[in-house]
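Enquirer: What follows is a structure written as structure tokens; I'll ask about it next.
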Amino acid sequence: MTILDKINSPKDVKNLSTDEMNILSQDIRDAILKRVNDFGGHLGPDLGIVEATIALHYVFNSPQDKIVYDVSHQVYPHKMLTGRKEGFLNPEMYTKISGYSNPSESEHDHFIIGHTSTSVSLATGLAKARDLKNEKYNVIALIGDGSLSGGEAYEGFNNAAELNSNMIIIVNDNEMSIAPNAGGLYRNLDELRKTNGQAQNNVFKAIGFEYLYVEDGNNIESLISAFEKIKDINHPVVVHIHTLKGKGYEPAEIDKETYHWHTPGFIGQKTAQSEEKTYNSITKDFLLNKKNNNEPVIAITAATPGVFDFNPEFRNKMGKNYTDVGIAEEHAIAYASGLAKNGAKPVLALMSSFVQRTYDQMSQDLALNNSPATVLIYWGGISNADMTHLCTFDIPLISNIPNIVYLAPVNKEEYLAMLEWSYNQNEHPVFIRVPAGNLVSTGAADTTDYSKLNKYKVEYEGSNVAIVAAGNFFCLGQQVKEELKQKAGIDATLINPRFLTGIDEELLDDLKKNHKVVITLEDGEIDGGFGEKIARFYGNSEMKVLNYGSKKEFSDRVPLDELYDRYRLKKELIVEDIKECL
């Protein structure tokens, strides 16, 4: 029997000796490795925070004392100590426990959190509400050093420092974000580490916090001593702990970036370099070609280079033509706007789920100023993701802002043509929804003039039914066309709209001559999306319109096939609807 077998709540941790807690640390690491190797998930952050989590639950009294985990990349040990260890030990329970904090799972979780830099703001709200109600308990925010680059972290620290009451912020400094940290703040963290927390320059003291440093943030005894000093404190304090990302699993200690998160089956496997072309690889080739031609191109990421395969080799080759702004998508948009306004050629890569942080900057800093930056949106589409990382909202978010052109290529040739046009033009901010899945190539160069905005492409001209299938769902449109012909004898028109931000009024008017039904297919939320623009256009006519996409909801790890059934995004279901409509 392991020590972990005996732990069913934080109360059980309090009965352990320090020797037993050190054994428990290894038990937890073994469970993390088992789950991630079997199921996938965050690895390095969780391995590095094990001792700190045990010490937190030894000293503090959760859930009365409230612990808020930033991003909750590092919440696995906490979950194991709060009654959810079977989600890590029993494969049948893996799907029952999410990878992020979730109050529906446990009273020890206080928020659903999957995005970054939020813990200090959320915890400050908890602390202020506590004070208003004259209650007494500890409020603790645990934030990783990588999350300190996000704007909300600065805002939270600024406000938290004003509290004249208990507010504990633990800064987990493992010298990494997903990739190496980027930004001037990290020079001060480095200075603090090198001086054992004694450096005269101290960003946390400057803001107004008491400050405590723990050099060995993976030493349970040191952590318990530090936490006991600040328990029940009556003013804001920062505890800066220096930890090792990936601790206990040598490959993760050595290659911290690769093992931040991992797919299943990594133990004992050697990483093979694929020579197959992908949308990621052709994007990198495009950027490197521009850089090698001495053009003022600059590739920009916001601390997630792995999403786009902007690996260390690529970053080194780009040199000064590459910027990682840290976890700061808002700044990235404004930075790209400034670059574009001054004659540079910024290409910003963002994951769809993180675009929502940038709404004001997209509208004010970029679109209102009509800065000709290029923004690539990755992973956009309906998926079986955790509710915190859904990528279904980017079309409504982006396509309804004036001046922005949002493009949805369906193959390699269209993508490269759109990228080249966007890079060279100076009229609009252009977003491109990078196709999901494997690279699709027609072999024929795309010669479209994309400066003629909102001109759709008729791939096949038929009658009665027109299928307008955007981006990732163009293939579904082809399937629906074939199914209609086989099951209903209808030779439908198939249209690749390419533009998500506008409608081709001339083409849509022309369809009225010999079509009765138009269906729209988009890999994202229908409400406020692409298809509704077409439905609105036909509102005062006899044309019937059926819009297909996702509902407005936060789905949570729902199998994709189940979602497609729910949204009727299958060729048989769509053809049923069309036949009924006719």
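The values are calculated or read from the model by the stated rules, or taken from the named source; none is laboratory data. This is a predicted model, so every value here is computed, not measured. Every residue, glycine as well, gets a Cβ built from its backbone with ideal geometry; the counts of neighbours run over all protein chains shown.
Enquirer: Just checking, which of SER98, SER121, SER149 is more than 26 Å from ALA160 (Cα to Cα) and either modelled with pLDDT of 95 or more or small (Gly, Ala, Ser) (or both)?
Expert: Just a single option satisfies the conditions, and that option is SER98.
Enquirer: If PRO312 passes every condition in (1) outside the structural domain of VAL355 (by TED's automatic domain parsing); (2) surrounded by fewer than 14 Cβ atoms within 10 Å (Cβ to Cβ) but one, which one does it miss?
Expert: Going through the list (1) outside the structural domain of VAL355 (by TED's automatic domain parsing); (2) surrounded by fewer than 14 Cβ atoms within 10 Å (Cβ to Cβ), PRO312 breaks only (1).
Enquirer: Would you check if VAL545 is surrounded by 18 or more Cβ atoms within 10 Å (Cβ to Cβ), free of Cβ contacts under 8 Å to residues at least 40 places away in the same chain, among the hydrophobic types (A, V, I, L, M, F, W, C) and not assigned by TED's automatic domain parsing to the domain that holds THR388?
Expert: yes
Enquirer: Please list, ordered by first then second residue, the pairs with beta carbon atoms under 9 Å, 6 or more apart or interchain, first in the range 107-125 and on the phi > 0 side of the Ramachandran plot and in a loop (DSSP other than H, G, I, E, B), second of a type outside the set (Lys, Arg) and surrounded by fewer than 23 Cβ atoms within 10 Å (Cβ to Cβ).
Expert: SER117/GLY151; SER117/GLU152; SER117/TYR154; SER117/GLU155
Enquirer: Let me ask another. Are there any pairs, at least 6 apart or on different chains, whose C-beta atoms fall under 7 Å, with the first in the range 247-276 and at positive phi and the second at pLDDT 90 or above, and if so, which?
Expert: Hits for this filter: GLY248/ARG29; GLY248/LEU47; GLY265/ASN37.
Enquirer: Can you spot a residue in the range 338-345 that is within 22 Å of the chain's Cα centre (by Cα) and modelled with pLDDT of 95 or more?
Expert: Scanning the range 338-345 turns up no residue that is within 22 Å of the chain's Cα centre (by Cα) and modelled with pLDDT of 95 or more.
Enquirer: Looking at the range 490-548, which of its residues are more than 21 Å from ASP577 (Cα to Cα), outside any strand (DSSP E or B) and out of contact with any helix residue (DSSP H, G or I) (no Cβ under 8 Å at 6 or more places or on another chain)?
Expert: ASP504, GLU506, LEU507, ASP509, ASP510, LYS513, ASN540, listed by residue number.
Enquirer: Can you name the residue in the range 1-60 that is free of Cβ contacts under 8 Å to residues at least 60 places away in the same chain and among the polar types (S, T, N, Q) and is also nearest to GLY144 (Cα to Cα) among such residues?
Expert: Applying the filter and picking the extreme gives THR53.
Enquirer: In the set GLU414, GLU427, GLU420, which member is in the same structural domain as ALA344 (by TED's automatic domain parsing), acidic (Asp, Glu) and crowded, with 23+ Cβ neighbours inside 10 Å? Before you say what the answer is, go through the steps one by one.
Expert: Numbers: GLU427 fails: crowded, with 23+ Cβ neighbours inside 10 Å; GLU420 fails: crowded, with 23+ Cβ neighbours inside 10 Å.
Sole residue among the options that is in the same structural domain as ALA344 (by TED's automatic domain parsing), acidic (Asp, Glu) and crowded, with 23+ Cβ neighbours inside 10 Å: GLU414.
Enquirer: Being touching a residue at least 40 places away in the same chain (Cβ under 8 Å) and not in a loop (DSSP other than H, G, I, E, B) is the filter here; which residues of the range 94-106 pass it?
Expert: The answer is TYR94, THR95.
Enquirer: Would you call TRP379 out of contact with any Ser or Thr (no Cβ under 6 Å at 6 or more places or on another chain), at pLDDT 95 or above and either outside the structural domain of GLY528 (by TED's automatic domain parsing) or closer than 28 Å to GLU276 by Cα (or both)?
Expert: On the way: out of contact with any Ser or Thr (no Cβ under 6 Å at 6 or more places or on another chain): no; at pLDDT 95 or above: yes; either outside the structural domain of GLY528 (by TED's automatic domain parsing) or closer than 28 Å to GLU276 by Cα (or both): yes.
Here the answer is no, as TRP379 does not meet what is asked.
Enquirer: Restricting attention to the range 130-147, does a residue exist that is out of contact with any Phe, Trp or Tyr (no Cβ under 9 Å at 6 or more places or on another chain), touching a residue at least 12 places away in the same chain (Cβ under 8 Å), assigned to a helix (DSSP H, G or I) and not charged (D, E, K, R)?
Expert: yes
Enquirer: Working carefully through the options ILE327, ILE233, find the one that is in contact with a Gly (Cβ under 6 Å, 6 or more places away or on another chain) and either in the same structural domain as PHE204 (by TED's automatic domain parsing) or within 30 Å of LEU212 (Cβ to Cβ) (or both).
Expert: ILE327
Enquirer: Additional query: If you scan the range 174-207, which residues turn out to be in contact with a Phe, Trp or Tyr (Cβ under 9 Å, 6 or more places away or on another chain) and small (Gly, Ala, Ser)?
Expert: Across the range 174-207, the qualifying residues are ALA179, GLY197.
Enquirer: Exactly one of (1) out of contact with any strand residue (DSSP E or B) (no Cβ under 8 Å at 6 or more places or on another chain); (2) free of Cβ contacts under 8 Å to residues at least 24 places away in the same chain; (3) under 17 Å from LEU569 (Cβ atoms) is unmet by LYS452. Its number?
Expert: (3)
Enquirer: Another question, if that's okay. Any idea how many residues of the range 199-221 are more than 34 Å from the chain's Cα centre (by Cα) and outside any loop (DSSP other than H, G, I, E, B)?
Expert: 1
Enquirer: Hey, among PHE204, PHE157, which residue is modelled with pLDDT of 95 or more, surrounded by 17 or more Cβ atoms within 10 Å (Cβ to Cβ), of a type in the set (Phe, Trp, Tyr) and out of contact with any strand residue (DSSP E or B) (no Cβ under 7 Å at 6 or more places or on another chain)?
Expert: Details: PHE204 fails: out of contact with any strand residue (DSSP E or B) (no Cβ under 7 Å at 6 or more places or on another chain).
Criteria check complete, one pass: PHE157.
Enquirer: Being in contact with a Pro (Cβ under 6 Å, 6 or more places away or on another chain), more than 24 Å from GLY40 (Cβ to Cβ) and either among the basic types (Lys, Arg) or surrounded by 22 or more Cβ atoms within 10 Å (Cβ to Cβ) (or both) narrows it down to one residue among ILE298, ILE241; which is it?
Expert: ILE298
Enquirer: Which ones in the range 549-582 are assigned to a helix (DSSP H, G or I), over 26 Å from the mean Cα position of the chain (by Cα) and touching a residue at least 60 places away in the same chain (Cβ under 8 Å)? Reasoning before the result, please.
Expert: Taking the range 549-582 and keeping what is assigned to a helix (DSSP H, G or I), we get 560-566, 571-581.
Now narrow it down to the ones that are over 26 Å from the mean Cα position of the chain (by Cα): 571-581.
Result: LYS571, GLU572, ILE574, VAL575, ILE578, LYS579, CYS581.
Enquirer: Only one residue in ASN403, ASN384 is in a loop (DSSP other than H, G, I, E, B), over 20 Å from the mean Cα position of the chain (by Cα) and at pLDDT 95 or above, so which one is that?
Expert: Testing whether each residue is in a loop (DSSP other than H, G, I, E, B), over 20 Å from the mean Cα position of the chain (by Cα) and at pLDDT 95 or above leaves just ASN403.
Enquirer: In the list ASN342, ASN384, ASN321, which residue meets the criterion of being free of Cβ contacts under 8 Å to residues at least 24 places away in the same chain and either crowded, with 18+ Cβ neighbours inside 10 Å or assigned by TED's automatic domain parsing to the domain that holds PRO429 (or both)?
Expert: None of the others qualify; the one that does is ASN342.
Enquirer: I'd like the residue in the range 476-509 that is among the charged types (D, E, K, R) and surrounded by 18 or more Cβ atoms within 10 Å (Cβ to Cβ) and, out of all such residues, is nearest to the chain's Cα centre (by Cα).
Expert: Among them, the one singled out is ARG498.
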